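> Okay, handing you the structure first.
The values are calculated or read from the model by the stated rules, or taken from the named source; none is laboratory data. Keep in mind it's a predicted model, so treat the numbers as computed, not measured. When we count neighbours, we look across all protein chains shown, and the Cβ atoms used for this are built from the backbone with ideal geometry, even at glycine.
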């Protein structure tokens, strides 16, 4: 067995471009998922029972089916309902919707942890729903939703690898292609695994740093 | 979509369930060893356990599967793709389960263990009669969760060429030009399987010794 890593590094520009696509898709999708998830959680909280139930079913479906099936539905099924997307937009859309389902549950549990009396007090003094969300719910639940949000962001990063299956030119697709052209699968996948491992560890470390910084100052007394 | 297509999907889902169940069981066995390493007083073992967990949780499962599928033949082990799939899923789930088990063992009240020592139980008896049942009771919900995650993750073994539910759906979608119906049906089958697992998990959880009544 020969293990020649130089074969891989002679393709550095392609690898850099693949890594760039991976990171951009990840950041865009994670931000979109968090915002979408937050809006869904707010809608479920204040939109009435029917709304809450309907979203509950959608979220159960999104959490109960594999991401790969969802992305196939968007990419191959989309054109049949008039939604033709290129691989990258389809990937971002699919990843955002998938992540939003989990983020909305994170925010919902955060909302649930805020004492009911605080909301009622807000309603009593005449705050609007927006004000209640912005001034009571959001600050009080921040510490609680940070760790699971960080977790979800890392999970979404790993899911970007799945997008290679619908031919998004991210790092997994790039390195698999280099591996098959050069007959250096193991080397290519080894580099790929190291890349993701490092990115996950760095993200986790930065996230924990942010958490301790936020906890140290204790903006919010919960 | 005809019932024939749906039947084909159902047949393929047998592979999905089998692969997932086998991987969960093998993963559980591995996770016992890894969690023992994590709780060991030997620094080297502890470090090895931590690296194992960090690697298999930090690398996407798809990459792990591709790596194992391509690595095994290179080091001279020619295995059918089903073995590569099961090895990949088992190692991945072992990392997650080991963390759960470690948490479970760490939450066994030390007073219970000390009193067992006082009445003269051997370490083996303490493990079998006190630590293991309590840790299992505590980690069972997480185990059900992990089973559902692995059932979903098993859709990825389609990349190493096993015709399970997702691969069958892909093949059928390509040959019939009904991707919407077929992928939605596959999604529903996954949903039904996961729902059954969650339901069964809840029932077993309530019948475990020490469950709140």
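> Could you identify the single residue in B:150, B:126 that is at pLDDT 90 or above, more than 30 Å from residue A:70 (Cα to Cα) and in contact with a helix residue (DSSP H, G or I) (Cβ under 8 Å, 6 or more places away or on another chain)? Walk me through it before giving the result.
Details: B:150 fails: more than 30 Å from residue A:70 (Cα to Cα).
Unique residue meeting the criteria: B:126.
> Conditions: (1) modelled with pLDDT of 90 or more; (2) within 30 Å of residue B:17 (Cα to Cα); (3) more than 14 Å from every other protein chain (Cβ to nearest Cβ); (4) surrounded by fewer than 19 Cβ atoms within 10 Å (Cβ to Cβ). Residue B:45 meets all but one. Number of the miss?
The one condition residue B:45 does not meet is (2).
> Quick check: anything in region B:25-45 within 24 Å of residue A:67 (Cα to Cα) and without any contact (Cβ under 8 Å) to a residue 12 or more places away in the chain?
Yes: one or more hits.
> Please go through region A:63-110 and pick out each residue that is farther than 18 Å from residue B:180 by Cβ and not in a helix (DSSP H, G or I).
Of everything in region A:63-110, just one residue is farther than 18 Å from residue B:180 by Cβ and not in a helix (DSSP H, G or I), namely A:86.
> (1) facing chain A (nearest Cβ under 9 Å); (2) closer than 19 Å to residue A:63 by Cα: which one isn't true of residue B:199, the others all being true?
Just one mismatch for residue B:199, condition (1).
> Checking the condition more than 30 Å from residue B:51 (Cβ to Cβ), part of a loop (DSSP other than H, G, I, E, B) and out of contact with any strand residue (DSSP E or B) (no Cβ under 7 Å at 6 or more places or on another chain), which residue from B:163, B:108, B:197 passes?
Details: B:108 fails: more than 30 Å from residue B:51 (Cβ to Cβ); B:197 fails: part of a loop (DSSP other than H, G, I, E, B).
Within the list B:163, B:108, B:197, the selection yields B:163.
> Can I ask one more? Any chance you could count how many residues in region A:45-72 are under 21 Å from residue A:141 (Cβ atoms) and either surrounded by 22 or more Cβ atoms within 10 Å (Cβ to Cβ) or at the interface with chain B (Cβ under 10 Å from one of its Cβ atoms) (or both)? First the steps, then the outcome.
Within region A:45-72, the subset under 21 Å from residue A:141 (Cβ atoms) is A:45-47, A:51-52, A:55-56, A:59, A:63.
Filter again for either surrounded by 22 or more Cβ atoms within 10 Å (Cβ to Cβ) or at the interface with chain B (Cβ under 10 Å from one of its Cβ atoms) (or both), leaving A:63.
The qualifying residues number 1.
> Quick test for you: out of B:86, B:51, B:59, pick the one residue that is surrounded by fewer than 16 Cβ atoms within 10 Å (Cβ to Cβ) and within 30 Å of residue A:183 (Cα to Cα). Full working, then the answer.
On the way: B:86 fails: surrounded by fewer than 16 Cβ atoms within 10 Å (Cβ to Cβ); B:59 fails: surrounded by fewer than 16 Cβ atoms within 10 Å (Cβ to Cβ).
Answer to the selection: B:51.
> All but one of (1) crowded, with 19+ Cβ neighbours inside 10 Å; (2) within 13 Å of another protein chain (Cβ to nearest Cβ); (3) assigned to a helix (DSSP H, G or I) hold for residue A:155, so report the exception by its number.
Checking residue A:155 against (1) crowded, with 19+ Cβ neighbours inside 10 Å; (2) within 13 Å of another protein chain (Cβ to nearest Cβ); (3) assigned to a helix (DSSP H, G or I), the one that fails is (1).
> Let me confirm something: among B:8, B:71, B:25, which residue is out of contact with any strand residue (DSSP E or B) (no Cβ under 9 Å at 6 or more places or on another chain) and within 14 Å of chain A (Cβ to nearest Cβ)? Break it down stepwise before answering.
Details: B:8 fails: within 14 Å of chain A (Cβ to nearest Cβ); B:25 fails: within 14 Å of chain A (Cβ to nearest Cβ).
Only one candidate qualifies: B:71.
> Looking at (1) in contact with a helix residue (DSSP H, G or I) (Cβ under 6 Å, 6 or more places away or on another chain); (2) closer than 27 Å to residue A:193 by Cβ; (3) surrounded by fewer than 18 Cβ atoms within 10 Å (Cβ to Cβ), can you tell me which one residue A:95 breaks?
The failed condition is (3).
> Please work out which residue is farthest from the other protein chains (Cβ to nearest Cβ), limiting yourself to region B:202-213 and to residues that are part of a helix (DSSP H, G or I) and over 18 Å from the mean Cα position of the chain (by Cα). Steps first, answer last, please.
Filtering region B:202-213 for residues part of a helix (DSSP H, G or I) gives B:202-207.
Then keep just the ones that are over 18 Å from the mean Cα position of the chain (by Cα); that gives B:203, B:206-207.
Working: B:203: 18, B:206: 22, B:207: 24 Å.
So the residue we want is B:207.
To keep it simple, each residue is scored yes or no on (1) buried (at least 22 other Cβ atoms within 10 Å of the Cβ); (2) modelled with pLDDT of 90 or more.
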{"position": "A:160", "(1), (2)": "yes, yes"}
{"position": "A:171", "(1), (2)": "yes, yes"}
{"position": "A:174", "(1), (2)": "yes, yes"}
{"position": "A:180", "(1), (2)": "no, no"}
{"position": "A:184", "(1), (2)": "yes, no"}
{"position": "A:189", "(1), (2)": "yes, yes"}
{"position": "A:196", "(1), (2)": "yes, yes"}
{"position": "A:202", "(1), (2)": "no, yes"}
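> Condition test on residue A:8, is it in a helix (DSSP H, G or I), touching a residue at least 12 places away in the same chain (Cβ under 8 Å), away from chain B (no Cβ under 14 Å) and under 25 Å from residue B:71 (Cα atoms)?
Details: in a helix (DSSP H, G or I): yes; touching a residue at least 12 places away in the same chain (Cβ under 8 Å): yes; away from chain B (no Cβ under 14 Å): no; under 25 Å from residue B:71 (Cα atoms): yes.
No, not satisfied.
> Do the conditions hold for residue A:99, that is, is it away from chain B (no Cβ under 14 Å) and at pLDDT 95 or above?
Working: away from chain B (no Cβ under 14 Å): yes; at pLDDT 95 or above: yes.
So residue A:99 passes the test.
> If you don't mind, there's one more thing I want to ask. Across region A:179-197, what is the number of residues that are more than 7 Å from chain B (Cβ to nearest Cβ), farther than 20 Å from residue B:57 by Cα and in a helix (DSSP H, G or I)?
5
> Inspect all residues belonging to region A:128-136 and state whether any of them is within 14 Å of chain B (Cβ to nearest Cβ), farther than 30 Å from residue A:209 by Cβ and assigned to a helix (DSSP H, G or I). Even if it seems obvious, please write down each step before you answer.
Step one: of region A:128-136, the residues within 14 Å of chain B (Cβ to nearest Cβ) are none.
Checked region A:128-136: no residue is within 14 Å of chain B (Cβ to nearest Cβ), farther than 30 Å from residue A:209 by Cβ and assigned to a helix (DSSP H, G or I).
> On to the next question. Considering each of B:64, B:97, B:125 in turn, give the residue that is under 30 Å from residue A:165 (Cα atoms) and away from chain A (no Cβ under 14 Å).
Numbers: B:64 fails: away from chain A (no Cβ under 14 Å); B:125 fails: under 30 Å from residue A:165 (Cα atoms).
Being under 30 Å from residue A:165 (Cα atoms) and away from chain A (no Cβ under 14 Å) holds for just one of B:64, B:97, B:125, which is B:97.
> Which residue is farthest from the other protein chains (Cβ to nearest Cβ), if the candidates are limited to region B:173-193 and must be surrounded by fewer than 23 Cβ atoms within 10 Å (Cβ to Cβ) and touching a residue at least 24 places away in the same chain (Cβ under 8 Å)?
Once the filter is applied, the top-ranked residue is B:176.
> Does region A:75-84 contain at least one residue that is away from every other protein chain (no Cβ under 14 Å) and either in contact with a strand residue (DSSP E or B) (Cβ under 7 Å, 6 or more places away or on another chain) or touching a residue at least 12 places away in the same chain (Cβ under 8 Å) (or both)? Even if it seems obvious, please write down each step before you answer.
Start the filter on region A:75-84 by keeping residues that are away from every other protein chain (no Cβ under 14 Å), which leaves none.
No - not one qualifying residue is present in region A:75-84.
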